[in-house]
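A short worksheet on the structure shown next.
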């Protein structure tokens, strides 16, 4: 079987694994206080060109989303999300479990528009009984989105302006950030991202590490005692070094960018290949996730030889499936997929 199910199906990128092995016998302090976590944090801030950034390492994406949202919101507030947003669809109610409602708004190809947010919040506060309702306190978006699409720099700027206008915190989920930054036609740099939101995270789990995400508070705005809050939420690793070593490797010699570009090159080949074979794209994704429309009959045939994600029903006879490339995608697997298609 060949596997295109997701971008975290393999272990760690060889360079990352090499550093883990090289540092394995070093005796280091715990809970992210080791020299590698400190060094990785400094490298990230240097890359962002943002000395005011505060960087923390968390084990996984769902932990990160819940931790950030629950500690940044007032206890009576909710978080605005695209209807297709990860926190609204694929996190088992983790945000609601923390006591905060996800306020899902209409989206197009995974993206929410600034005017949609503006209109919702404006109309919300026109209601005389708004104090009896869940008050919007944050906007959550992903870069890339769940459909592999990207916000332009202008779109992000517009959304951030609306957030600032209404006093909302903007939080960007960067689980697949490496693939977004290297996506075709992307005009947003990681430096831009640091200026166009209040919090974002740099995905490691889906971008070459065994585990781990780097949370960035962009202007010294981390919640008070965030380390204590991380521990309280059960999101702290005693062996924080594991994340420090890995992110230190990712931000040495542009490895993070190289990982992103490699996956994008493979995705570009995959996209061109499925179109040559006569299949239609469900969404024109410029990143590592490619969404293809296949007949239900073909889906059953492919399932015998290929692992992929069944995304959603297209119509009674066709289904949308997703292929994801990553740093571990091989030319051999792509050629096998081509023959099967």
Being more than 19 Å from residue 174 (Cα to Cα) and buried (at least 21 other Cβ atoms within 10 Å of the Cβ) is the filter here, so list the residues in segment 243-265 that pass it. 245
Quick check: anything in segment 91-111 surrounded by fewer than 16 Cβ atoms within 10 Å (Cβ to Cβ), part of a strand (DSSP E or B) and without any contact (Cβ under 8 Å) to a residue 12 or more places away in the chain? yes
Say we look at segment 13-31 and pick out the residues that are touching a helix residue (DSSP H, G or I) at 6+ places or on another chain (Cβ under 7 Å) and outside any helix (DSSP H, G or I); which of these is nearest to residue 251 (Cα to Cα)? 13
Checked 300, 304, 335 against criteria (in a helix (DSSP H, G or I) and more than 28 Å from residue 181 (Cα to Cα)); the one match is 300
Of all residues in segment 34-72, count the ones that are part of a loop (DSSP other than H, G, I, E, B) and touching a helix residue (DSSP H, G or I) at 6+ places or on another chain (Cβ under 9 Å). 7
Residues being without any contact (Cβ under 8 Å) to a residue 60 or more places away in the chain, surrounded by 18 or more Cβ atoms within 10 Å (Cβ to Cβ) and over 30 Å from residue 36 (Cβ atoms) - total across segment 167-213: 0
Kindly check whether there is at least one residue in segment 285-297 that is assigned to a helix (DSSP H, G or I), touching a residue at least 12 places away in the same chain (Cβ under 8 Å), assigned by TED's automatic domain parsing to the domain that holds residue 262 and over 21 Å from residue 208 (Cβ atoms). yes
When the residues of segment 303-321 are filtered to those that are touching a residue at least 60 places away in the same chain (Cβ under 8 Å) and crowded, with 17+ Cβ neighbours inside 10 Å, which remaining residue is nearest to residue 263 (Cα to Cα)? 308
Within segment 322-341, can you find the residues that are over 16 Å from residue 263 (Cα atoms), out of contact with any strand residue (DSSP E or B) (no Cβ under 8 Å at 6 or more places or on another chain) and modelled with pLDDT of 95 or more? 338, 339
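Yes/no matrix, rows are residues, columns are (1) touching a strand residue (DSSP E or B) at 6+ places or on another chain (Cβ under 9 Å); (2) under 27 Å from residue 256 (Cβ atoms); (3) at pLDDT 95 or above:
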site: 80; (1), (2), (3): yes, no, yes
site: 116; (1), (2), (3): yes, no, yes
site: 122; (1), (2), (3): no, no, yes
site: 137; (1), (2), (3): yes, no, yes
site: 141; (1), (2), (3): yes, yes, yes
site: 160; (1), (2), (3): yes, yes, yes
site: 176; (1), (2), (3): yes, yes, yes
site: 180; (1), (2), (3): yes, yes, yes
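The values are calculated or read from the model by the stated rules, or taken from the named source; none is laboratory data. As the structure is a computational prediction, the values presented were derived from the model and not from experiment. Virtual Cβ from ideal backbone geometry, glycine too; neighbours counted across all protein chains shown.
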